[in-house]
Amino acid sequence: MISERAKKVDSSGIRKVFELAAKITDPIDFSIGQPDFDVPEEIKEAAIEGIRKGMNRYTMTQGIAELRERILSDVNKKYSQKYEANQIVITSGVSGALMLSLMSIINPDDEIIIFDPYFVMYKHLTNLIGGKPVIVDTYPDFSIDYEKLKAAVTSKTKAIILNSPSNPTGYVYTKADIDAAVKVAKEQGIMIISDEIYDGFVYDGKFDSPANYYDKVMVMGGFSKTYAMTGWRMGYAIGDPEVIAAMIKLQQYSFVCAPSPFQYAALTALDLETNSFRETYKKKRDLIYNGLKDAFDIVKPGGAFYIFPGLKNGDVSSFVELAIRHKVLIIPGNVFSERNTNFRIAYTVKDEMLKKGIDTLNQLVVEFENRI
Ligand code: PLP
């Protein structure tokens with residue numbers, strides 16, 4: 001029954017962790033990429049008000065006008081690039097935006113450049129849609145190398161996907177990284193897709209976007225992480241009007257629209273101050289980085305809520321299995337990478353739990369290295 005397309009997607013890496021994890025009681029769960037705080041009360045109230053006011057029907061495919069206008073106004077204040085009303089679509093999460101944009105631009109065998117380590121969806125969605133992910137390695141420091149990127153471009157390249165702050169590394173692109181990507185994109189006239197879902201979680205300095213330096217950038221933003229509403233499925237894409245029009249057409253025959261009451265509640269979300277969430281996670285970032293940096297190879301993450309430690313010795317899959325047997329749920333690097341040298345921790349847990357996890361990982365790595 002199953003199509004070749006569906007067979008191309010391999011979710012075995014994550015599944016293995018979840019299968020192991022299902023048998024464990026009271027784990028230290030570092031496996032899930034979502035905040036540990038709940039949706040702020042004001043936003044919940046706005047969603048309930050939306051439902052009571054009758055925001056329960058299909059909205060326009062591209063999303064309610066008030067929300068599109070509000071997001072455009074915020075983005076136009078933030079970025080040097082200015083976007084018009086026909087350049088935005090509200091989507092079912094950034095996942096929806098990624099799916100619709102790739103479906104709108106990929107012809108068979110067209111290439112999408114992705115930096116390794118990558119957010120899992122980029123590779124699999126590109127494959128699913130019949131394109132070819134071209135993977136540019138960024139180890140050991142996760143920065144973008146102009147020459148390497150340039151060498152990856154061919155006549156089939158349709159887009160370069162940037163993700164800063166990054167899932168799974170927490171790396172935040174420097175101005176030099178953005179310059180390198182923008183230079184290659186400009187030279188070749190290639191579109192950049194900038195996945196900015198973690199822009200609310202930048203801990204050292206200010207968030208910067210390629211949209212400040214190049215006009216062919218599709219900015220993708222979301223509400224899932226900033227407001228802890230991963231289950232509400234809210235996101236947006238802003239970019240080339242022709243591509244946006246194609247995305248709206250495809251949304252009409254797939255997702256139809258983003259959830260109505262949550263589009264309404266998103267207006268309240270955008271009025272909310274989120275500094276306290278950022279401060280809380282910055283402290284957790286410091287705690288985990290300082291706690292693990294001596295025993296593992298780590299690039300200090302500047303944002304998001306992930307850290308991607310590398311093992312100094314030994315096989316990561318065996319270490320991950322050992323950690324899971326000791327109730328610490330981590331994800332092996334090969335889920336997000338062509339390499340398997342690192343593992344991902346989502347540090348969105350209570351501080352007590354975080355400290356316990358750090359202690360356990362430090363003890364286990366000594367035991368593990370003594371064995372090899
Ligand atoms: N992009 C990145 C880098 C992510 O980490 C995630 C979720 O983990 C998404 C996009 C998808 O987010 P959503 O569809 O909830 O907006």
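Can you run down the residue pairs with Cβ atoms below 7 Å, 6 or more apart or on separate chains, where the first is in the stretch 203-229 and near the ligand (Cβ under 10 Å from one of its atoms) and the partner is acidic (Asp, Glu)?
Note: pairs meeting the criteria are MET220/ASP195; MET220/GLU196; GLY221/GLU196; GLY221/ASP199.
Could you identify the single residue in ILE24, ILE14 that is in contact with a helix residue (DSSP H, G or I) (Cβ under 9 Å, 6 or more places away or on another chain), assigned by TED's automatic domain parsing to the domain that holds TYR281 and part of a loop (DSSP other than H, G, I, E, B)?
Values: ILE14 fails: part of a loop (DSSP other than H, G, I, E, B).
Among ILE24, ILE14, only ILE24 is in contact with a helix residue (DSSP H, G or I) (Cβ under 9 Å, 6 or more places away or on another chain), assigned by TED's automatic domain parsing to the domain that holds TYR281 and part of a loop (DSSP other than H, G, I, E, B).
Can you name every residue in the stretch 182-193 that is within 19 Å of TYR236 (Cβ to Cβ) and more than 11 Å from the ligand (Cβ to nearest atom)?
Step one: filter the stretch 182-193 for residues within 19 Å of TYR236 (Cβ to Cβ), giving 191-193.
If the condition is that a residue be within 19 Å of TYR236 (Cβ to Cβ) and more than 11 Å from the ligand (Cβ to nearest atom), then MET191, ILE192 are the ones that fit.
Would you check which residues across the stretch 289-319 are among the β-branched types (Val, Ile, Thr) and under 15 Å from PRO168 (Cα atoms) and list them?
ILE298, VAL299, ILE307 - these are the residues of the stretch 289-319 that are among the β-branched types (Val, Ile, Thr) and under 15 Å from PRO168 (Cα atoms).
Of all residues in the stretch 107-121, which are closer than 22 Å to LYS183 by Cα and out of contact with any helix residue (DSSP H, G or I) (no Cβ under 6 Å at 6 or more places or on another chain)?
Across the stretch 107-121, the qualifying residues are ASP110, GLU111, PHE115, ASP116, PRO117, TYR118.
Rundown of residues vs (1) crowded, with 22+ Cβ neighbours inside 10 Å; (2) modelled with pLDDT under 95, yes/no style:
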| site | (1), (2) |
| --- | --- |
| ALA21 | no, yes |
| SER31 | no, yes |
| ASN56 | no, no |
| GLU66 | no, no |
| GLN81 | no, yes |
| ALA85 | no, no |
| THR91 | yes, no |
| LEU98 | yes, no |
| THR126 | yes, no |
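Which of the following residues is surrounded by fewer than 20 Cβ atoms within 10 Å (Cβ to Cβ), free of Cβ contacts under 8 Å to residues at least 40 places away in the same chain and not assigned by TED's automatic domain parsing to the domain that holds ASN76: ASP297, ASP286?
On inspection, the qualifying residue turns out to be ASP286.
Can we say ILE32 is more than 20 Å from GLY235 (Cα to Cα), assigned to a loop (DSSP other than H, G, I, E, B) and of a type in the set (A, V, I, L, M, F, W, C)?
no
Starting from the stretch 359-371, keep only residues that are under 14 Å from ASP315 (Cβ atoms), then list their pairs with residues that are in a helix (DSSP H, G or I) and of a type outside the set (Phe, Trp, Tyr) whose Cβ atoms are within a distance under 8 Å, requiring at least 6 positions of separation or different chains.
LEU364/LEU322; LEU364/ALA323; PHE368/SER318; PHE368/LEU322
The values are calculated or read from the model by the stated rules, or taken from the named source; none is laboratory data. In this text, all values refer to a predicted model and were calculated from it rather than measured experimentally. When we count neighbours, we look across all protein chains shown, and the Cβ atoms used for this are built from the backbone with ideal geometry, even at glycine.
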